Every structure is written in structure tokens, then in C-alpha cells.
1. Out of curiosity, is ILE230 open to solvent by less than 60 Å² (accessible area, probe 1.4 Å), at pLDDT 90 or above, more than 28 Å from the chain's Cα centre (by Cα) and of a type in the set (A, V, I, L, M)?
2. Mind listing whichever residues of the stretch 159-189 are of a type in the set (Lys, Arg) and open to solvent by less than 70 Å² (accessible area, probe 1.4 Å)?
3. For residues that are at pLDDT 80 or above and either exposed (fewer than 15 other Cβ atoms within 10 Å of the Cβ) or touching a strand residue (DSSP E or B) at 6+ places or on another chain (Cβ under 9 Å) (or both), tally how many sit in the stretch 112-157.
4. Within the stretch 50-67, take every residue that is open to solvent by less than 20 Å² (accessible area, probe 1.4 Å) and more than 14 Å from ASP35 (Cβ to Cβ) and give me the one that is modelled with the lowest pLDDT.
5. Being among the aliphatic types (A, V, I, L, M) and part of a helix (DSSP H, G or I) is the filter here, so list the residues in the stretch 164-182 that pass it.
6. Mind telling me which of the residues LEU76, LEU89, LEU109 ends up being modelled with pLDDT of 75 or more and under 29 Å from ALA38 (Cα atoms)?
7. Can you pull out every residue in the stretch 1-35 that is over 18 Å from SER67 (Cβ atoms) and modelled with pLDDT of 85 or more?
8. Which is without any contact (Cβ under 8 Å) to a residue 60 or more places away in the chain, at positive phi and outside any loop (DSSP other than H, G, I, E, B), of ALA27, ALA72, ALA38, ALA33?
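The values are calculated or read from the model by the stated rules, or taken from the named source; none is laboratory data. Predicted, not measured: the structure shown is a model, and the values here were computed from it. When we count neighbours, we look across all protein chains shown, and the Cβ atoms used for this are built from the backbone with ideal geometry, even at glycine. Protein only, heavy atoms only, side chains kept; ligands, DNA and RNA dropped before computing areas. Shrake-Rupley method; radii C 1.70, N 1.55, O 1.52, S 1.80 Å.
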Amino acid sequence: MRKTLLLVTLLAATTIIQSCSKELLHAVQEEQANDIIAVLSEYGIQAEKVADGRQESSSYNIVVQESDYKAAWNILKENGLPREKIRGLSDVYQKQGLISSSTEEKALLMQAIKGEVEKTLETIDNVIKARVIISVPGPSQNPFADSKEPTGAAVLLKIKKGSYINSETVKGILMGAVSSLSRERISVEIVESSGTVAAKPLRMTYIGPFLVPESSARNFYLIITGLLSILSLGVIIFVFFHFRKKPVITKEAEEF
């Protein structure tokens with residue numbers, strides 16, 4: 001009886017907790033999951049990462065309060081999260097069964113360098129998304145050497161609203177990646193995000209002795225109230241069955 005009562009209490013508590021939260025993203029890599037939680041906290045939204053047992057060990061689900069779901073989704077969209085996987089050198093030059101032609105090798109090299117530059121640009125603070133296009137010179141075994149046509153590049157950066165990125169820094173990164181590029185042949189366009197959701201600090205409040213995020217206070221209160229109600233009901237049921245059995249035991253003892 002005691003085990004059954006405990007199991008019912010745990011199941012009810014789990015149901016209450018899960019009913020107050022909602023999965024925002026599924027099977028996200030740990031690095032991205034940490035970035036998402038950090039960004040959401042800047043907007044006053046508490047998020048948690050839960051290990052996804054059905055996927056690889058470094059994969060997580062992102063969970064938020066159900067009341068924050070819509071706002072959290074808009075914030076991630078505005079900040080370009082989760083980031084798309086960019087193919088760099090390690091991804092492009094994976095072991096392949098067939099020998100590539102010179103044209104294919106050239107395309108692979110272009111794709112690899114482009115991907116590495118985009119990943120580097122996205123590590124700059126306040127950069128949400130980076131896209132790079134490197135113009136293809138005339139036919140050559142090496143796309144960046146021995147060509148009559150000058151190499152050119154175009155960069156599009158999406159940055160957070162109100163932030164600033166020095167275009168000369170961007171050009172310097174490109175020139176370091178592609179030796180034949182000149183500063184004059186690099187075009188950099190920078191656009192700001194719409195900024196429809198204003199950032200705000202994560203506010204905390206006390207529910208009894210517990211310090212919880214303000215946005216989760218109502219749900220936390222409901223959880224505590226629900227758990228106390230279930231516990232009280234459990235105690236009542238336990239006491240009822242406990243004293244109900246006593247007269248039966250006493251009667252059997254007298255007959256014996």
C-alpha cells in the first residue's frame with residue numbers, strides 16, 4: 001500500500017511539473033544548447049537543457065515554461081538560433097570513395113574556405129549570421145593563383161540591433177583566408193535585426209524560502225500547491241486504511 005501511494009504521488013508530481021513546461025527545441029548539440037540558454041536569459045526567460053536519450057549523448061532538448069514558449073521562439077528566430085551547420089574544411093574534405101576531378105576539387109576548396117570564413121565571422125560578438133560569396137576566377141588548378149581575373153568577395157552580416165561591426169575587420173579576415181584578395185575587391189554589407197523583442201534581465205522573486213525566476217513564479221506556486229495537496233491526500237488515505245485494519249486485527253487476535 002505504501003509503495004503504491006508513493007508511486008501515485010510521484011506520477012502526479014511529474015505530471016504537474018511537465019504540464020507547466022514545453023519543449024522548445026529537440027536534439028540540439030551541447031554548444032548550441034548553451035548558447036540558446038544564455039541568449040534566452042538575456043531576455044528574462046529561463047530555459048533548461050534535458051539530455052535526449054534517443055539521440056547521441058551530446059544532444060539535448062531545450063525546455064521552457066509554457067507561458068514563455070511564443071516569446072522564446074521569436075527571440076531565437078531574431079537571433080538566428082539554432083545556427084545552421086556550416087560546412088568547413090573538415091566537412092568538405094571527408095574521405096570519399098571516388099577520385100575528384102580538378103573541377104570538383106576547385107569547387108570543394110571554394111566551399112571549404114567559404115565555410116571556414118563564415119564560421120569565423122559568426123564568432124564575432126553581436127554577429128547573428130554571416131554569408132560569404134567568393135567570386136570564381138578564370139579556369140585554373142588553383143582558384144586563387146595564376147588567374148588573369150582578380151578574386152573578389154561579398155559578405156553579408158546580420159547583427160544585433162544597436163550593435164556595431166567594423167567592416168575593415170571583416171575585410172581583414174577575408175584577406176587572411178584568401179591571399180589573392182585585395183581590400184578593394186571585398187564588399188561588406190551589414191544589416192541589423194528587427195529587434196522586435198527587447199532584452200531584459202532575468203528577474204528573481206521569492207516563493208516562501210525558494211528563489212525562482214519571476215516568469216516562473218506562478219507555475220512554481222501551482223507545483224508546490226499541487227504537491228502539498230497530493231501529499232495531504234496521501235496522508236489521509238494512509239491514515240484511513242491504517243485505522244481501518246486495526247479492528248480486524250484485534251478481532252482475529254481475540255478469536256485466537
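1. Judged against the criteria, ILE230 is not a match.
2. Taking the stretch 159-189 and keeping what is of a type in the set (Lys, Arg), we get 160-161, 171, 183, 185.
Residues satisfying the conditions are LYS160, LYS171.
3. Qualifying residue count for the region: 30.
4. Here is the first cut: in the stretch 50-67, the ones open to solvent by less than 20 Å² (accessible area, probe 1.4 Å) are 52, 59, 61-62, 64.
Those left that are additionally more than 14 Å from ASP35 (Cβ to Cβ): 52, 59, 61, 64.
Working: ASP52: 77, SER59: 86, ASN61: 91, VAL64: 91.
The selected residue is ASP52.
5. Answer for the stretch 164-182, where residues must be among the aliphatic types (A, V, I, L, M) and part of a helix (DSSP H, G or I): VAL170, ILE173, LEU174, MET175, ALA177.
6. LEU76
7. Residues satisfying the conditions are HIS26, ALA27, VAL28, GLN29, GLU30, GLU31, GLN32, ALA33, ASN34, ASP35.
8. Values: ALA72 fails: at positive phi; ALA38 fails: at positive phi; ALA33 fails: at positive phi.
ALA27 is the lone residue from the list that is without any contact (Cβ under 8 Å) to a residue 60 or more places away in the chain, at positive phi and outside any loop (DSSP other than H, G, I, E, B).
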